[in-house]
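Some notes on the structure that comes next.
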Amino acid sequence: MATSNMMIPDMGGAQSVEVIEVCVAVGDVIDEGDSIIVVETDKASMEIPASSAGTIKTILLKEGDTCSMGDVMIKVEVDGETATNAQATSTKAEEVAAPVTKVEVESPATVLAAKEPESASPATSERLALVPDLGGATDVEIIEISIKVGDELADGDSLVVLETDKASMEIPINFAGTVVDIKVAEGGKVNVGDTIAVVMASSGEVVKAEEPVAPVEAPRVTSVTKVEEVVAPVKIPAPKVSAAAPIGVGSAAHAGPAVRMLARELGVDLGQVSATGPRGRVLKEDVQVFVKQKMLQPALSAGQGVGIEQPPAIDFSQFGEVDHIKMSKIKRVTAQNMTRSWLNVPHVTQFDHADITELEVFRKGIKAEAEKKGTKVTPLPFMLKACAMALREFPQFNVSLDNDGERIIQKHYVHIGVAVDTPAGLMVPVIRDVDKKSIWQLSEELITMGAKAKDKKLMPADMQGGCFTISSLGSIGGTAFTPIVNTPEVAILGVSKAEMQPRWNGSEFEPRLMMPLSLSYDHRAVNGADAARFTQYLGKLLSDIRHLVM
Ligand code: CAO
C-alpha cells in the first residue's frame, strides 16, 4: 500500500475555479472515474473524477476553495501497481501545464478551423465561430440561440446554449465582431468543429489562415484527453461537464449555467421554479419571480407550511381584459393568517343544529324593551353566552397549543371574537369576559364593536386575546360552511341562517326554527367526540335559554 496525490486535471483552460461540492469523505473507497469534487466556473460546472481507484486518506479541498490544474485534490492509499502509476501521475502532473498548452493548439476545434482557411480568409475579416470540444459529447442539442444576425458581439459573449443529458453550457465567442450568418437552429444537434455562426471580426482582430480560429475558451475538455496521450501512462480523465447532477438544487431542472449559478447564490431550488423558457428551461427571470414570491410570504416561513409549491403565475391578460388591484393591508394580513392556519392546523368541522324556536319567541318578546334601551338583540348575543358556557363546560376548547408541541396552554378567561365583514376586509373584534356579561351588555358591545370595525376605529387591543371565535352568516344565508380556525385559538363556530324545518317530536312533525352550527376545530387539541358534545351542549342551551342563567 502506498499513498499518492490525485490532482486536478486540465479544466478546459479554466484557472482558480471554485469548488462547489466535495463528493467524497475520508475513508471512502473510490473507483477510477468516481466523482471527487464538483467545480463551477461562470460557464459550467464540472465533476472532477478520480484518476485511479483507492482509499481516501486526506481531502485537501473544501467547498468554497478555488483550484487550478495540478492542485492536489486528495491523497489516496492505493495498491502497489496503482501506486506506481499514481507516482507517475504525481510526477508528471507537475508537467501538466506544458503539454496542455501544446495540446490546445492541436485541439480538434482548432484543427478543424485550420482546415478551413478559405472560410477564415484574411482577404475578408469574416471568421467562423465553431463548436469547441465538448468533452467528448456528440450530437449535442442546441437549446437556445443567444444571437441574431447583426448582433455586435464582444469577446466572451454567448453564442448558443447546448444541453446534454448531464449539463447545459453556454458557448461563448472568443473574439469580437458582428454576426453575419447563423448556421445552426434551435433544436438542432451539433458536434465539435461545426460552424455556429459567421462573424465579421471587428477591426483589430488579426486573422491569419495559418493561425486557426480557436472559437471558444470553454469547455475544451478533450485537450485533457490529449494530455493522457502525451504523458502516458499518466491517466487524468476528462472532467465531466455537468451542470445538473452535482448542484443539488433542482438537478432535474433545465437551466443554463448562469441561471444555475444565480439559483445557487440565492439558495433557490431550481426544481421548485416554474420555467417559462423554451422547452421548459428555467430563465433568470423565473428565479427572480420565485424569490419575489417567497419574499412576499414572510408569514409562511419558519417551518410553517414551507415547501408547498405556489401555483404557477399566470398572465390572465392572455384570456381577456384584467385589472391588477392592490389588496388592502387587512386583506393581506387575513390572507396570511388564513393560509397559516389552513396549512398548520388539522381541521375537522362538526355540523349540528340548535332549535331556537323558543329563543326566537323570547327575543321578539323583548324587542320593544330593547328599543326602549336604544339597542337591538339578535340571536348572536345568545350564541355568545352559550359558547362562553360551553367553553367553561369543555375547557379543552379554551386552549392554545404551545409552539414546542409538548404543552397546551389552558385559559381561565373567556374572551370571544366575532367576525365582522367590512369593506376593508374581515375583522375580528374580541368581546371580553363574555361569561360574566348579560345579554343586554353583549348586545350593546356587539353593536359598538361592529360599528367600530366598519368605521375602521378598532384598536389592536380590541382584536387581541380571543379564546374562541364566532363567525355568523345568519343574517345572510346558507345552510353550513367550514370556518377556518382563528389560530392560536383551537375552535371556531360558524352560524348559518336559522330556518323553519319539520322536526319529528315522537308523534308528529312540528315546525321548529333550526339554526345550523358548524364547529371547526384543531384536531390536535380537540377530539371529535368532544366536538359533538360541544355542539350538542350548545343546542341544549339555545333550545331552552333558561339554561343560560344556570
Ligand atoms: N339566523 C337567522 N337570522 C339571523 C341570524 C341567524 N343565525 N343571525 C342574525 N340574524 C338576523 C338578525 O336577527 C337580524 O334580523 P332582525 O333585524 O330581523 O332581527 C338580521 O339577521 C341582521 O343581523 P345583524 O347582522 O345586524 O346582527 P348580528 O348580531 O347577527 O351580527 C355583526 C353582528 C357585528 C356580526 C354584524 O353587524 C355583521 O357584520 N354581520 C354581517 C355578517 C358577517 O360579517 N359575518 C362574518 C362573516 S365572515 O366570516
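A few remarks follow.
- Being at pLDDT 75 or above, outside the structural domain of residue 156 (by TED's automatic domain parsing) and of a type in the set (Gly, Ala, Ser) is a property that residue 90 lacks.
- Among the residues listed as 487, 535, the single one being touching a helix residue (DSSP H, G or I) at 6+ places or on another chain (Cβ under 6 Å), at pLDDT 95 or above, among the polar types (S, T, N, Q) and surrounded by 15 or more Cβ atoms within 10 Å (Cβ to Cβ): 487
- Condition met for residue 291 (open to solvent by less than 60 Å² (accessible area, probe 1.4 Å), within 20 Å of the chain's Cα centre (by Cα) and either at pLDDT 80 or above or assigned by TED's automatic domain parsing to the domain that holds residue 19 (or both)): yes
- Out of 400, 443, one residue alone is outside any loop (DSSP other than H, G, I, E, B), more than 16 Å from the ligand (Cβ to nearest atom) and either assigned by TED's automatic domain parsing to the domain that holds residue 529 or loosely packed, with under 13 Cβ neighbours inside 10 Å (or both). It is 400.
- Flag if residue 385 is surrounded by fewer than 17 Cβ atoms within 10 Å (Cβ to Cβ) and basic (Lys, Arg): no
- Region 473-487, residues that are within 22 Å of residue 346 (Cα to Cα) and within 8 Å of the ligand (Cβ to nearest atom): 483
- Residue in region 449-465 that is farthest from residue 412 (Cα to Cα), counting only those that are within 14 Å of the ligand (Cβ to nearest atom) and touching a strand residue (DSSP E or B) at 6+ places or on another chain (Cβ under 7 Å): 454
- Scope region 53-77; condition open to solvent by 20 Å² or more (accessible area, probe 1.4 Å) and either in the same structural domain as residue 162 (by TED's automatic domain parsing) or over 36 Å from the mean Cα position of the chain (by Cα) (or both); matching residues: 53, 55, 57, 58, 69, 70, 71, 72, 75, 77
- Selection count, region 398-433, where residues are of a type outside the set (Val, Ile, Thr) and more than 20 Å from residue 463 (Cβ to Cβ): 9
- Single condition residue 382 does not satisfy, out of (1) within 12 Å of the ligand (Cβ to nearest atom); (2) touching a Leu at 6+ places or on another chain (Cβ under 9 Å); (3) within 21 Å of residue 485 (Cβ to Cβ): (3)
- Contact map, region 483-494: residues that are within 11 Å of residue 466 (Cα to Cα) and outside any strand (DSSP E or B) paired with residues that are aromatic (Phe, Trp, Tyr) and modelled with pLDDT of 95 or more, Cβ distance under 7 Å, separation 6+ or inter-chain. Pairs shown: 489/468; 490/397; 490/521.
- Number of positions in region 498-519 that are open to solvent by less than 80 Å² (accessible area, probe 1.4 Å) and either within 10 Å of the ligand (Cβ to nearest atom) or in a helix (DSSP H, G or I) (or both): 6
- Every residue from region 337-357 that is among the hydrophobic types (A, V, I, L, M, F, W, C), away from the ligand (no atom under 16 Å from the Cβ) and open to solvent by 40 Å² or more (accessible area, probe 1.4 Å): 343, 348
- The set of residues in region 385-406 that are farther than 22 Å from residue 471 by Cα and either touching a Leu at 6+ places or on another chain (Cβ under 8 Å) or at pLDDT 95 or above (or both) is empty.
- Scanning region 407-426 for residues that are within 16 Å of the ligand (Cβ to nearest atom) and over 15 Å from residue 468 (Cβ atoms) turns up 420, 421, 422, 423, 424, 425, 426.
- Some residue of region 320-336 being away from the ligand (no atom under 13 Å from the Cβ), at pLDDT 95 or above and closer than 17 Å to residue 545 by Cα: no
- In region 423-440, of all residues being touching a Gly at 6+ places or on another chain (Cβ under 9 Å) and of a type outside the set (A, V, I, L, M, F, W, C), the one that is surrounded by the fewest Cβ atoms within 10 Å (Cβ to Cβ) corresponds to 432.
- Positions within region 403-422 being in a loop (DSSP other than H, G, I, E, B) and more than 33 Å from the chain's Cα centre (by Cα), in sequence order: 411, 412, 413, 414, 415
The values are calculated or read from the model by the stated rules, or taken from the named source; none is laboratory data. From a predicted model like this one, the values you see are computed outputs, not experimental measurements. Because the Cβ atoms are built from the backbone with ideal geometry, glycine has one as well, and the counts that use them run over all protein chains shown. What goes into the accessible areas is simple: the full protein's heavy atoms, side chains included, and nothing from ligands, DNA or RNA. Shrake-Rupley method; radii C 1.70, N 1.55, O 1.52, S 1.80 Å.
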